[in-house]
Amino acid sequence: MSDDNDGGLLKTLKDWRVAVMLLLVVFSVVSIYVIPPGISNGMTGNLQLGLDLEGGSWIQLSFQSEVVRFDTDENPEVFAARIGEALDAEVFLFEEDRLEIRAPFTREELEPVFAENGGSIVTYENGVSKDTADQIKLILENKVNNLGTKDARINTITGLNGVTQYIRLELAGVDIATAQEIVGAQGKFEIRIQTIGNETEHVLYGDSIKSVSTPTQSPPGSDIWGVGFTLTQEGAAAFREAANTYGATSNPDAHEIMMFLDDETVYSASLNPQLAAELKTAPVRELRATTGAGEEGLEDAKKLEIHLRAGALPVDVEIAGSGTVSASLGEHFKVMSVIAGILALMAVAATVYYWYREPAIVLPMVGTTIAEIIILLGIAVYLQQLDLASIAGLIAVLGTGIDQLVVITDEVIHEGRVPSQNLYMKRFNRALGIIMVAACTTVIAMLPLAVMDLANLRGFAIITIMGVLIGVLITRPAYGKIIMAILSKKPGDHR
Amino acid sequence: MKFPAYDISRYTVRQLVALPIALLIISLLFLGFNTLTTGMPVDPGIDFAGGVAVTIPPTADSQAVVEGYFSEYPLKSVGEGVNGGYYVVFEYMPDDAFLSLSKVINEHYPDAKVDQIGETFGKTLQAQALWALLFSFIGMAIVVFIVFKNFVPSIAVVISAFSDIVITAALMDIVGITLTLGTTAALLMLIGYSVDSDILLTTRILKRKGKFSEKMQGAFRTGFTMTSTTISAIALMFVVSWIGQIDIIREISAVLLLGLFVDLMNTWMLNAGILTGYAGGDKR
C-alpha cells in the first residue's frame with residue numbers, strides 16, 4: 001500500500017461516524033467480557049440471560065379481586081364500609097372514589113349491592129391497587145429469598161389506570177414444582193392439637209400468626225435449627241386454652257402440636273417442658289418450632305418458615321400462566337442460538353457475495369453487520385435480558401441491517417459509476433432517507449409490543465427497536481463513509 | 001450475478017395486480033370463514049386459547065409411547081422434531097389436572113420445557129395482541145402518508161403491507177402454524193419488512209429522474225437483493241431452530257419466511273402495478 005492509501009484509511013478511521021462505531025464496539029466488548037465477572041461467566045459474559053436460556057421457571061399470578069371506581073353522595077369511607085359488610089368481603093379504599101374488593105365478584109353481582117347502598121359503579125377492573133400489589137410483591141420476595149435462589153425477578157404488571165392485574169415471578173434454577181410450592185397456591189395454614197390417639201382439634205388458623213422470623217439456631221451456635229413466630233393476642237389466648245384443655249401442658253408427649261398446610265401435616269412436635277410450664281400460668285406469644293440439627297434441620301426450617309407465612313397474602317391469587325426450562329435444555333438453546341446467529345451471518349455474507357462478487361463491498365458490509373450486532377449486545381447488557389424471542393429479534397435485525405446496507409450500496413454506485421464526492425453525498429443522503437423511513441415504520445410497528453405486557457415478546461420488540469436505532473444512527477452512516485473511501489480507490493463496475 | 005429477467009413495464013397494470021388482488025380476496029374470505037366458524041381467523045395456539053405446550057428433548061420413545069403417557073389429558077397435537085424430540089400441545093385444563101400432568105412430565109422427561117397459559121390470561125393476551133396489531137398498522141400507515149404526502153403511492157404501500165399480513169395469516173393456517181405470541185410478533189415484524197422494500201420502490205420511482213422502466217428495473221434489482229439476503233438469514237434461522245427444537249424461533253422464522261415470499265409478490269406486482277398506473281409507463 002502506498003503512503004497515500006494509508007493516509008486515506010487513517011482519514012476514514014478519523015471520521016467521527018466511523019470513530020463512534022469503533023468506540024462503541026470496544027465499549028461493548030468491554031461491557032460483555034472485561035467488566036467483572038465478564039469472561040469468567042463463559043461464552044455469554046455479562047449478558048443477562050432469560051429463563052429459557054438459563055434454566056428456571058416463571059409463574060404469572062392473577063388476583064381474585066377487583067378495583068371499582070364508584071360514585072356516591074355519601075362519605076366514601078362510610079360507603080366503603082357498608083359495601084364491605086354487604087358483600088362480606090374485605091374492602092380497601094385506596095383513593096377517594098376507588099375501592100379494592102378482595103374477593104371475586106363480577107360486575108353484575110356488584111351493581112345491585114352498590115345501588116342498594118346508594119352508589120353506582122363507574123369502572124370495574126380485575127386486579128388490585130398498586131399499594132396492595134407492592135405488599136404482595138414484598139411477601140413473595142421474602143418467600144423467594146428464603147429459598148436462596150441466586151436470581152429471582154418479581155415484577156408487577158400494572159395498567160395505565162393504576163390497576164395491577166398480574167404479578168410475574170421468574171426464578172432461575174428452580175423447577176416448576178418448587179416454584180408452585182413456594183408461590184402458586186395460597187395455603188390454608190392451621191395449628192391443631194392431638195387429643196386422644198389420632199384425633200386432633202383445631203387451635204388456630206394462619207391469620208393468628210402475626211410475624212415469622214427467618215431460621216435461627218437456638219441456643220446460638222448449637223446448629224439446632226428452628227423458626228420463631230409470634231401469635232396475635234387472640235391467637236396466643238386460643239393456643240394456651242387448647243394446650244390446657246387437652247392436657248398438653250401436663251403431658252406434652254401425648255398431645256403433640258401439629259401444623260397443617262392445606263390439610264397436610266407440615267410439622268408436628270410436643271411442647272417443650274419449659275413452655276408447657278409457662279403456658280399453665282399465662283399466654284405466650286413468642287413461639288418457636290424446632291426442626292432439627294445440621295444442614296437438614298436448616299433446610300426444613302426454611303420450608304417451615306415459608307409454610308408459616310402461607311396464607312399471609314392479602315388477596316387470593318390464581319396461576320394465570322407458568323413455564324419451566326431445565327438447565328440442560330437452556331444450555332442446549334444457548335448453543336443453538338449461537339449457531340443460528342453465526343450461520344445466519346454466513347448465509348447473509350454468501351448471498352451478498354453472490355450478488356456483488358466484490359470483496360471490497362462484501363467485507364465492509366459483513367463487518368458493519370458484525371459491529372452492529374456486537375454494539376447491540378453490548379448495550380443490551382445494561383437494558384434487556386436475552387431470551388429466545390430476543391435472539392429471533394437479533395437475527396431479524398441482522399436481516400434488515402443488511403437490507404439497508406444494500407440500499408446504500410446500490411444508491412451510491414448507481415449505474416456502475418463511482419460518483420464524485422458531491423454526488424456521492426447527495427445519493428448517500430437519499431439512501432439514508434429511505435432507510436430512515438423504513439426504520440421509523442419498524443420502530444412504530446414494534447412499539448406496541450414493547451410497551452404492552454405481553455411479557456414474552458418484550459425482549460423481541462426491544463431488541464428489534466434497539467437494533468434498528470443503532471443501525472440508523474451509528475453503523476449505517478459509518479458504512480457510508482467506509483464504502484466511499486474504498487470505492488474512491490477502486491473505480492470500476494461493481495455490479 | 002444473473003438477476004431474474006423481470007421487466008415490469010412489459011406488463012399491463014391489470015396483469016400485474018390481478019394475481020395479488022385475487023390472492024388477497026381469497027385469503028380474506030378464508031380468514032373470514034374461519035372467524036365465522038371458529039371465532040378466530042387463525043387457529044390460536046396456547047398463548048391465546050389457553051393450554052399447555054411441552055417441548056420434549058430427544059428421546060428413544062416412539063410417538064405412541066409419548067401419547068400413551070399423556071392419554072388421560074386433553075392432548076391436542078404431538079409433533080415430532082427432526083432430532084427425535086417432540087412438541088406436545090394440550091388444550092386448556094384446570095389447575096389440578098395441570099399439577100398432575102406436571103408430575104407425569106417430570107417423571108418421564110425431567111428436562112422438558114413446559115409452558116402453561118390459563119384460559120382468561122389467554123383472552124387478555126389475545127385482546128392485547130389484537131390492539132398491538134392495530135396500533136402498529138395504523139402507526140405505519142401514518143408514517144407512510146406523512147413521508148409521501150401523495151395519496152395513491154401511500155395507499156399502495158399500505159395496501160401491500162395489509163395484503164402481506166392477510167395472505168401470510170391465511171398461509172399460516174393452511175400449513176398448520178398456530179397464532180401465538182411469537183407468530184404475532186412475526187406478523188408485526190412483517191409490517192417493517194414489507195414497508196422496507198415498498199419505500200425503496202416508491203422513492204426510486206417518484207424521486208429519481210430518468211426513464212420509468214429503468215427506474216423500475218433498478219429498484220427491482222436492489223429490492224430483490226435486499227429480500228434475498230433477508231430470506232437467507234431467516235431461512236438459516238428456521239433450519240437451525242427446527243433441528244435444535246427451539247419452537248418459538250421456529251415459529252417466528254417460518255412466518256417471516258412465508259411473509260417475505262408473499263412480500264416479493266406484493267411489492268413487485270401489486271405495489272409496482274399501482275405505481276405503474278399512477279406514474280405512467282414510458283409511453284406517456
Among residues of segment A:91-100 being in a strand (DSSP E or B) and touching a strand residue (DSSP E or B) at 6+ places or on another chain (Cβ under 6 Å), the residue farthest from A:Lys130 (Cα to Cα) is A:Val91
If I filter segment B:146-153 for residues that are under 28 Å from A:Met452 (Cα atoms) and either within 21 Å of the chain's Cα centre (by Cα) or in the same structural domain as B:Ile243 (by TED's automatic domain parsing) (or both), do I get at least one hit? yes
Since A:Pro219 meets every condition but one in (1) farther than 30 Å from A:Trp58 by Cα; (2) in contact with a His (Cβ under 6 Å, 6 or more places away or on another chain); (3) surrounded by fewer than 21 Cβ atoms within 10 Å (Cβ to Cβ), which condition does it not meet? (2)
If I filter segment B:106-121 for residues that are under 19 Å from the mean Cα position of the chain (by Cα) and without any contact (Cβ under 8 Å) to a residue 12 or more places away in the chain, do I get at least one hit? no
Hey, can you tell me all the residues within segment A:467-486 that are closer than 13 Å to A:Val443 by Cα, within 14 Å of chain B (Cβ to nearest Cβ) and surrounded by 22 or more Cβ atoms within 10 Å (Cβ to Cβ)? A:Gly467, A:Val468, A:Gly471
Would you pick out the residues in segment A:190-211 that are crowded, with 19+ Cβ neighbours inside 10 Å and among the β-branched types (Val, Ile, Thr)? A:Ile191, A:Ile193, A:Thr200, A:Val203, A:Ile209
In this structure, is A:Ala380 of a type in the set (Gly, Ala, Ser), in the same structural domain as A:Leu473 (by TED's automatic domain parsing), under 16 Å from B:Ile243 (Cβ atoms) and crowded, with 21+ Cβ neighbours inside 10 Å? no
B:Ile246 is checked against (1) at the interface with chain A (Cβ under 9 Å from one of its Cβ atoms); (2) within 16 Å of the chain's Cα centre (by Cα) and fails just one. What number does that condition carry? (2)
Working only within segment A:300-315, note down all residues that are modelled with pLDDT under 80 and either within 14 Å of another protein chain (Cβ to nearest Cβ) or in a helix (DSSP H, G or I) (or both). A:Lys302, A:Lys303, A:Glu305, A:Ile306, A:His307, A:Leu308, A:Arg309
Restricting to segment A:101-152, give me the number of residues that are part of a helix (DSSP H, G or I) and without any contact (Cβ under 8 Å) to a residue 12 or more places away in the chain. 7
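Could you please find all residues in segment B:170-200 being more than 10 Å from chain A (Cβ to nearest Cβ) and aliphatic (A, V, I, L, M)? Spell out the reasoning first.
Kept after step one, since they are more than 10 Å from chain A (Cβ to nearest Cβ), are these residues of segment B:170-200: B:170-179, B:183.
Answer for segment B:170-200, where residues must be more than 10 Å from chain A (Cβ to nearest Cβ) and aliphatic (A, V, I, L, M): B:Ala170, B:Leu171, B:Met172, B:Ile174, B:Val175, B:Ile177, B:Leu179.
Return the only residue of A:Val443, A:Val437 being under 30 Å from A:Gly323 (Cα atoms), within 10 Å of chain B (Cβ to nearest Cβ) and in a helix (DSSP H, G or I).
Values: A:Val437 fails: under 30 Å from A:Gly323 (Cα atoms).
That would be A:Val443, the only listed residue that is under 30 Å from A:Gly323 (Cα atoms), within 10 Å of chain B (Cβ to nearest Cβ) and in a helix (DSSP H, G or I).
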Among A:Glu331, A:Glu296, which is within 22 Å of the chain's Cα centre (by Cα) and surrounded by fewer than 19 Cβ atoms within 10 Å (Cβ to Cβ)? A:Glu331
What number of residues within segment A:86-95 are more than 17 Å from A:Asn126 (Cβ to Cβ) and modelled with pLDDT of 85 or more? 3
Taking the condition in the same structural domain as A:Leu447 (by TED's automatic domain parsing), at pLDDT 90 or above, surrounded by 21 or more Cβ atoms within 10 Å (Cβ to Cβ) and of a type in the set (A, V, I, L, M), does A:Ile375 pass? yes
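Could you go through segment A:272-288 and let me know if any residue there is away from chain B (no Cβ under 14 Å), within 35 Å of the chain's Cα centre (by Cα) and surrounded by fewer than 21 Cβ atoms within 10 Å (Cβ to Cβ). Walk me through it before giving the result.
Taking segment A:272-288 and keeping what is away from chain B (no Cβ under 14 Å), we get A:272-288.
If we keep only those that are within 35 Å of the chain's Cα centre (by Cα) too, we end up with A:288.
Next, from what is left, pick out any that are surrounded by fewer than 21 Cβ atoms within 10 Å (Cβ to Cβ): A:288.
Yes.
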When you go through (1) buried (at least 17 other Cβ atoms within 10 Å of the Cβ); (2) at pLDDT below 90 one by one for B:Ser27, which number turns out not to apply? (2)
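If the requirement is being under 19 Å from B:Arg250 (Cβ atoms), at the interface with another protein chain (Cβ under 7 Å from one of its Cβ atoms) and out of contact with any strand residue (DSSP E or B) (no Cβ under 6 Å at 6 or more places or on another chain), which of these qualifies: B:Pro110, B:Pro57?
Numbers: B:Pro110 fails: under 19 Å from B:Arg250 (Cβ atoms).
None of the others qualify; the one that does is B:Pro57.
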So how many residues does segment B:124-148 have that are in contact with a helix residue (DSSP H, G or I) (Cβ under 8 Å, 6 or more places away or on another chain), over 30 Å from B:Arg204 (Cα atoms) and more than 9 Å from chain A (Cβ to nearest Cβ)? 1
When you scan segment A:234-250, do you find a residue that is assigned to a strand (DSSP E or B) and either closer than 26 Å to A:Ile182 by Cβ or of a type outside the set (A, V, I, L, M, F, W, C) (or both), even just one? no
Find the residue count for segment B:83-115, including only residues that are in a loop (DSSP other than H, G, I, E, B) and out of contact with any Asp or Glu (no Cβ under 7 Å at 6 or more places or on another chain). 9
Elements of type helices (runs of 4 or more DSSP H) contained in segment A:6-90, each with 1 or more residues being within 14 Å of chain B (Cβ to nearest Cβ) and buried (at least 21 other Cβ atoms within 10 Å of the Cβ): A:51-54
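The values are calculated or read from the model by the stated rules, or taken from the named source; none is laboratory data. Everything numeric in this text was worked out from a predicted model, so none of it was measured. Heads up, the Cβs are rebuilt from the backbone with ideal geometry, glycines too, and the neighbour counts pull from every protein chain shown.
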